[in-house]
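Nothing in this text is a laboratory measurement; each read-out follows from the coordinates by a stated rule. As the structure is a computational prediction, the values presented were derived from the model and not from experiment. We place every Cβ from the backbone using ideal geometry, glycine too, and count neighbours over all the protein chains shown.
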Amino acid sequence: MISPRRPSGVSPTSNSMSAAQQILGSANMSESPAQSPTSGERNDRLWDMSSFRHGLPDEGGNSSTAGAPVAGTNSEPEKNDDGTPKPMRGGVSLDTMRSLYGPGTGFGGLRRSNSSVVYPGGPPEFPPVKKLNPLQKKRILVSGGAGFVGSHLVDRLMLMGHDVIAIDNYFTGSKMNLAHWFGHPNFEMIRHDVVDPIMLEVDQIYHLACPASPVHYQANPVKTLKTGFFGTYNMLGLAKRVKARFLLTSTSEVYGDPEEHPQKETYWGHVNCIGPRACYDEGKRVAEALTYSYARQDGVDVRVARIFNTFGPRMNWHDGRVVSNFIVQALKGDDITIYGDGSATRSFQYVHDLVDGLIALMESDYTDPVNLGNPEEYTIKEFADMIVELVNEHRARYGDAGKTSTVTYLPAVADDPQRRKPDTTRAKEVLGWAPQWAAIDGLKETVAYFYQMMHQH
Ligand SMILES: NC(=O)c1ccc[n+]([C@@H]2O[C@H](COP(=O)([O-])OP(=O)(O)OC[C@H]3O[C@@H](n4cnc5c(N)ncnc54)[C@H](O)[C@@H]3O)[C@@H](O)[C@H]2O)c1
């Protein structure tokens, strides 16, 4: 168990400085306690900080008032003729500013003291989270937390009682996926692109940030490769720095168009490194190589999940993935489009199974790659038929007699694998994990979710 951390460079002494000391700077800090201002005097001096506005540079970079009073000189803010303070830049009044940071009742009726804030309407309601003691509670980073899988993982970790930080650039994810946690004291959301480094203090990192559907990862293949390499490099660098455990969400795509069936973790893969899918497949392969290099070279504690096709609520509607595509087409009564002759096989796991597996892997001692997927295998055509049937059943329940979709065929997509099915023996042995959801049950839930979303829009 890693103990709670203090941000580097922040000493206990600096923590115990009063706000006034931190703002007024070292000259004031050197005053002896006997000379320290009373809290009332400190407040007066803080209010006098409003005179800072005189020294703010204007758009041209010049100081707005030459020779203006500087902080700590007890100067009064500039006044109107009637004696009221002049508005600051942008027409913001000092009173408004004071209402945002002053003590007592301020803006919106908010009551604030040194240590707490009371919201006038009472605290917002959140899903109930477990109370963990400080030794059990971890600070967990989820990159790509606003995406489909990431948001379900965040939900689970929050409900388990951990502190969760989600980072995301919202390329394919959405804030709406996590809106129910905004304002919760255990949760933080940061807009950040993992291609750039970030400094945080965490105990575990689930690294998911990466577009996962061909439509999105092929839109900007160079960026996808940058996310695969630099994104993973930055997250591993962070893990190394703060000694966090790191889990990479890799993919069955590292097996390419496999010559071994079903695919075991020991299979090295069959990937076309110059094809249109290479930006994703090779991005994940290099991410795995980087992960194990950090483990060997720097002792980073790593886990690698090779995820097979996963579906469920919060999938992006327009990402062209088989399940979302087929369900949306069936709900609209449009033709179901199959690329190829429909005989290619896939196995689909429901998202809650995947989240179970990711958490089990993170908590285990096992460091080699582990397949997470559902071994039930369907041809794409069987899957399309199953979805049309489920959609029709669901609509019938609501007396909604929509048009029944028919299946149409388009030319196969380049480098689309012919067969895909995980061998999950390792997951069973080392994690005690096996999927609990039959694909059909997960599909029923997902159809109901998409139906509901469609009728809200
Ligand atoms: N869903 C699947 O079937 C599946 C299968 C295999 C592997 N995976 C892997 O699981 C992870 C999550 O997949 P998903 O299905 O939730 O996809 P998703 O597209 O819904 O989620 C990816 C998230 O990462 C964010 N993101 C993308 N690039 C980023 C960047 N440079 N910086 C910060 N955030 C960025 C996106 O905005 C999004 O919120 C991905 O790494 C994916 O490769 C998913």
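The Kirkwood radius of region 139-456, taken over pairs of alpha-carbon atoms, gives through the Stokes-Einstein law at 4 °C and 1.567 mPa s a diffusion coefficient of 65 µm² s⁻¹. With only the Cα atoms considered, region 410-457 has a convex hull volume of 165 Å³ per residue. Think of region 139-456 as having a plus end and a minus end, set by charges on the Cβ of Lys, Arg, Asp and Glu; of SER343, TYR292, GLY144, GLY144 sits farthest toward the positive end of this dipole.
Note on region 139-456: antiparallel DSSP beta bridges, both residues inside, total approximately 5 percent of the bridges counted. Remark: region 159-274 projects, on average over all directions, an area of 9.2 nm² (convex hull of Cα atoms). Its relative contact order, with pairs defined as Cα atoms under 8 Å and 6+ residues apart, puts region 139-456 at 18 percent.
Go through LYS223/LYS444; LYS137/LYS240; LYS175/LYS226; LYS332/LYS444; LYS130/LYS264; LYS175/LYS223 and tell me which ones have a Cα-Cα distance over 27 Å in this structure. Over 27 Å Cα-Cα: LYS223/LYS444; LYS130/LYS264. Note on region 314-457: Kirkwood hydrodynamic radius from all Cα pairs is 16.5 Å, rounded to one decimal. Here the Karplus relation 6.51 cos²θ - 1.76 cosθ + 1.60, evaluated at θ = phi - 60°, turns the backbone of region 128-135 into coupling constants of x, 10, 5, 8, 9, 6, x, 6 Hz, with x for every Gly and Pro.
Coupling constants for region 149-159 follow from the phi torsions by the Karplus curve (6.51 cos²θ - 1.76 cosθ + 1.60, θ = phi - 60°), and in residue order they are 5, x, 5, 5, 5, 4, 3, 5, 5, 5, 5 Hz; glycine and proline get x. Of the residues THR406, ILE359, GLY173, the one whose Cα sits farthest toward the positive end of the charge dipole of region 139-456, with +1 on the Cβ of Lys and Arg and -1 on the Cβ of Asp and Glu, is GLY173. Put simply, the amide H of THR310, placed in the peptide plane, has neighbours under 5 Å in GLN349, leaving out anything fewer than 5 places away on its chain.
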